[in-house]
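The values are calculated or read from the model by the stated rules, or taken from the named source; none is laboratory data. Keep in mind it's a predicted model, so treat the numbers as computed, not measured. Don't worry about glycine lacking a Cβ; one is built from the backbone with ideal geometry, like all the others, and counts go over all protein chains shown.
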Amino acid sequence: MLSAPAARPAEPTEPGAAAAPAAPPAPAGLGRRQVHAVAACYFVASFAALGLPPYLTAILPKLGDPSGSWAGVLYIVPTVFSALGAPLWGHLADRFGRKRLLLRAQLGLAVSFLLAGAADSLRAFTVALVLQGFLGGTFAATNGYLAAALEGPQLSKALTLMQGSARAALVAAPILVGALSPWISPHRQYLVMAVLPLAAALLLARLPEPARPADSGAATAAPRQPGPLRLLYTLEFAFVFSTIVSYPYLIALVEQRLPGVSGTLSGLLFALPHLCYLAFAGRVHTLFLHRPTAGMAFGFALVTAGLAGHWYAHSLPAFVLARLVLGAGMTLGLVCLSVLAATAAAGRPPGRMFGTLELVSKGGAVAAGVVAALVNSGYGPTAPVLAGAATALAALALTLLPRPARLTRRSA
């Protein structure tokens, strides 16, 4: 359960961690209900954004692309433009208010969904997806809002909850879209989905503007520590790349190894790591709150083992085991990244920091999609998971390297 923020975050306990500079006065904070309301709004935004892209191959033939050949490109268009816009929106949030920019993100999604649902050509649909990416940016906006009101363990717990909202949406949204498809085409479901961010905006309008502890003063009072940010961004990119590179062709790999497997079972195997996160993220946060770097190392080790296990999986039990190991690594990595991000946000303008973090994260996702397509075309559906395993192994080596004291400071 989320409690009111403490006056000071817990001291780091990892070896080599030095004392942090004096922090600015603690923000006023958000209550547990308010944090849960933000999580619900993030779930709604993620639900709408994640549920429809898997059905692009069914949408595009009616827009002038009979074979759906543009599906792969259009799948990453919102991600690319979200990455490009995130630093700008984060900077504006620090300047004009986080709540205002969070409302803007939800309303931007609503407008883009309406345009996508009403599009009658491939060009108009593409423009709508560009706007979805650029005008959305709910990841950075939500996290920046929370970071302006929470700090330390309370912030990392809230960020962990936001990731849980996204995982729940990733599991549930495609199922609901598929269930509605006999009555409403996936294309026109964009019009229905526009209601969700509008509802989220109405709920967010009732929440307070988080107290800002004098951004400019905080920036001068707390000396900049570029090391932790570089480490955070590097680990974020490596983690996103190593996990997402396995997504696009996993179903093809399962169908190749398990002939005749049902679509439902394939979908369940895809969802299994995300279900692990939903089940165990809270406990993992408690266990690794004061040793996130060790948790990242353990997480990368499990991701490496889980992805490499797909190479040997030729039966359903073997796939289940590989997916569970990957899920354990994914849970550790996502939770510990939230802890590292919460610590790095202390004394920094949160909008700008989380905007840059979204740029890095989305950049990792785009790179993963491109690499997955290239290696799959050359070596088959096993190649992307092996590429992810190799990346996770390299990141594991990075987390085990000794770092100078200035890099470990405030990065526990």
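Before moving on, here are some points about what is shown:
- For the stretch 175-187, the count of residues that are in the same structural domain as Ala71 (by TED's automatic domain parsing), more than 23 Å from Leu278 (Cβ to Cβ) and surrounded by 19 or more Cβ atoms within 10 Å (Cβ to Cβ) is nonzero.
- Lone qualifier among Val325, Val303 - being within 20 Å of the chain's Cα centre (by Cα), within 22 Å of Ala387 (Cα to Cα), in a helix (DSSP H, G or I) and without any contact (Cβ under 8 Å) to a residue 24 or more places away in the chain: Val325
- Residue match in the stretch 345-357 (condition: assigned to a helix (DSSP H, G or I), of a type in the set (A, V, I, L, M, F, W, C), closer than 25 Å to Pro53 by Cβ and within 16 Å of the chain's Cα centre (by Cα)): yes
- Candidates Gly85, Gly117, Gly108, filtered to the one that is touching a His at 6+ places or on another chain (Cβ under 8 Å) and farther than 24 Å from Val339 by Cα: Gly117
- Here is the figure for the stretch 245-266: residues that are part of a helix (DSSP H, G or I) and either farther than 16 Å from Leu326 by Cβ or in contact with a Gly (Cβ under 7 Å, 6 or more places away or on another chain) (or both) total 6.
- Test result for Ala199, out of contact with any Ser or Thr (no Cβ under 8 Å at 6 or more places or on another chain), of a type outside the set (S, T, N, Q), outside the structural domain of Glu151 (by TED's automatic domain parsing) and at pLDDT below 95: no
- Any hit, the stretch 374-397, residues being outside any helix (DSSP H, G or I), under 18 Å from the mean Cα position of the chain (by Cα) and not charged (D, E, K, R): no
- Taking residues in the stretch 377-400 that are at positive phi, and partners anywhere that are assigned to a helix (DSSP H, G or I), the pairs with Cβ atoms closer than 9 Å and at least 6 places apart or on different chains are Gly380/Ala252; Gly380/Leu253; Gly380/Gln256.
- Count of the stretch 145-174 residues, restricted to those that are of a type in the set (A, V, I, L, M) and over 24 Å from Leu272 (Cα atoms), is 6.
- Members of the stretch 279-296 that are assigned to a helix (DSSP H, G or I) and buried (at least 19 other Cβ atoms within 10 Å of the Cβ): Ala281, Val284, His285, Phe288, Pro292, Thr293, Gly295, Met296
- Of everything listed in (1) assigned to a helix (DSSP H, G or I); (2) β-branched (Val, Ile, Thr); (3) modelled with pLDDT of 90 or more; (4) surrounded by fewer than 21 Cβ atoms within 10 Å (Cβ to Cβ), the single unmet condition for Val240 is (4).
- Top-ranked residue in the stretch 140-153 [being surrounded by 24 or more Cβ atoms within 10 Å (Cβ to Cβ) and part of a helix (DSSP H, G or I); ranked as modelled with the lowest pLDDT]: Ala140
- Lone unmet requirement of (1) under 27 Å from Leu269 (Cα atoms); (2) in a helix (DSSP H, G or I); (3) not acidic (Asp, Glu) for Pro182: (2)
- In the stretch 109-123, the residues that are under 27 Å from the mean Cα position of the chain (by Cα) and farther than 10 Å from Ala45 by Cβ: Val111, Ser112, Phe113, Leu114, Leu115, Ala116, Gly117
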